[in-house]
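The values are calculated or read from the model by the stated rules, or taken from the named source; none is laboratory data. A quick note: this is a predicted structure, and the numbers were derived from the prediction, not measured. No Cβ is skipped: glycine too gets one built from the backbone with ideal geometry, and neighbour counts run over all protein chains shown.
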Amino acid sequence: MYRPPSLNTLRALEAAARLRSFSRAAEELGVTHGAISHRVREVEQRLGAAMFERQGNSMEPSMALRQILPTVRQSLELISSIFPAPPEAGRQVLRIAVLPSFAAQWLVPRLAEFHEAHPGIFIALDARIDVSRVGADGVDAAVRYGSGNWPGLAIERLLTDMLFPACSPEYRARMKIETLDDFARCRFLRNSWQTWTPWFQRAGLSLPEPADSQPYDDAALMLEATIAGHGIALARRVIAHDALQAERLVRLSEIEIPFEGAYHFVWDPHTPKPRLDAVAAFGAWLSARLRSEFP
């Protein structure tokens, strides 16, 4: 049975890439230089590509490593947030239920900023869908996408996501995509919750709704398939933001349509103080952070 690389292997790879040194990574993780080398070789054998290139005294991440490093870091941070260290005296732990795609692709890489600004509050993420768990099972608040109709809960609307076509740079080059007319010969990835037809109509394209690909239920999985060069996806701007900035994705048109519904911050209005103050602090940071990137 296939087994993915262990957490120790991913930690070794991330530390070596961040520190540009196997020796310094070994020192940080409390292992030997040989152990780091062994973990890196494991990944290289799995992917069939070198992970580092020596430049003087520095081990620089290769192109292959730079392509997977954001996902490796997001995965490690997400796992750390699910299993937080025991709280220090006087520190509050808030459990926030959040959509897995939003957590992995946008929230987790930015959580350190909140912790720096609010050292007395630790955010533990609960990557589940059910909004009814807010106020129960230890869940203090949630970030949800939808209509905003959740009776009995306090709700703040954050923003509406937008959809536009995107693909990997390699796929664009391979398919020679230069104009919208070139879309006709491309493969379209599908999300179970969003059809292509509204965007085709907005763009003035007479193309049928794609039916030759398996739909994705999870936006993050579809994003990874797009980055891997499987085709063109209707990317959500919040979910795809970091991949576009890192040039792992390219936007193919300025034409965009709104994704039905909106992001909301949801919490139990009967939460007692001072816990309610901590929930409010996180909600205020989240709202300001999203609006700064997506005005």
(Q) Exactly one condition in (1) surrounded by fewer than 17 Cβ atoms within 10 Å (Cβ to Cβ); (2) modelled with pLDDT under 90; (3) not hydrophobic (A, V, I, L, M, F, W, C) is false for Pro258; which is it? (A) (2)
Q) Could you count how many residues in the stretch 211-234 are at pLDDT 90 or above, assigned to a loop (DSSP other than H, G, I, E, B) and farther than 20 Å from Pro70 by Cα? A) 1
Q: Would you mind stating whether Val72 is at pLDDT 90 or above and under 24 Å from Ala228 (Cβ atoms)?
A: no
Q: Sort out which residues of the stretch 177-193 are farther than 12 Å from Leu252 by Cα and either exposed (fewer than 13 other Cβ atoms within 10 Å of the Cβ) or in contact with a strand residue (DSSP E or B) (Cβ under 9 Å, 6 or more places away or on another chain) (or both), and write them in order of number.
A: Ala184, Arg185, Cys186, Arg187, Phe188, Leu189, Arg190, Asn191, Ser192
Q | Check on Trp267, aromatic (Phe, Trp, Tyr) and either touching a Lys or Arg at 6+ places or on another chain (Cβ under 8 Å) or outside the structural domain of Ile121 (by TED's automatic domain parsing) (or both) | A | no
**Q.** Scope the stretch 194-210; condition surrounded by 14 or more Cβ atoms within 10 Å (Cβ to Cβ) and not in a helix (DSSP H, G or I); matching residues
**A.** Gln194, Thr195, Trp196, Leu205, Leu207, Pro210
(Q) Can you pull out every residue in the stretch 224-266 that is of a type in the set (A, V, I, L, M) and free of Cβ contacts under 8 Å to residues at least 40 places away in the same chain? (A) Ala225
Q. Taking the stretch 268-291 on its own, how many of its residues are polar (S, T, N, Q) and either in contact with a Gly (Cβ under 8 Å, 6 or more places away or on another chain) or modelled with pLDDT under 95 (or both)?
A. 1
Q: Looking only at the stretch 149-189, count how many residues are outside any strand (DSSP E or B), more than 30 Å from Arg133 (Cβ to Cβ) and of a type outside the set (S, T, N, Q).
A: 19
Q.
Let me confirm something: among Arg18, Arg24, Arg3, which residue is surrounded by fewer than 19 Cβ atoms within 10 Å (Cβ to Cβ), of a type in the set (D, E, K, R) and farther than 18 Å from Leu76 by Cα?
A. Arg24
**Q.** Pair list, Cβ < 6 Å and 6+ apart or interchain, from the stretch 59-73 residues that are buried (at least 18 other Cβ atoms within 10 Å of the Cβ) to residues that are among the hydrophobic types (A, V, I, L, M, F, W, C) and part of a strand (DSSP E or B)
**A.** Met59/Phe52
Q. Would you say Ala284 is outside any loop (DSSP other than H, G, I, E, B) and in the same structural domain as Val139 (by TED's automatic domain parsing)?
A. yes
Q | Output for the stretch 262-281, where each listed residue is touching a strand residue (DSSP E or B) at 6+ places or on another chain (Cβ under 6 Å), surrounded by 15 or more Cβ atoms within 10 Å (Cβ to Cβ) and not aliphatic (A, V, I, L, M) | A | Tyr263, His264, Phe265, Trp267, Asp268
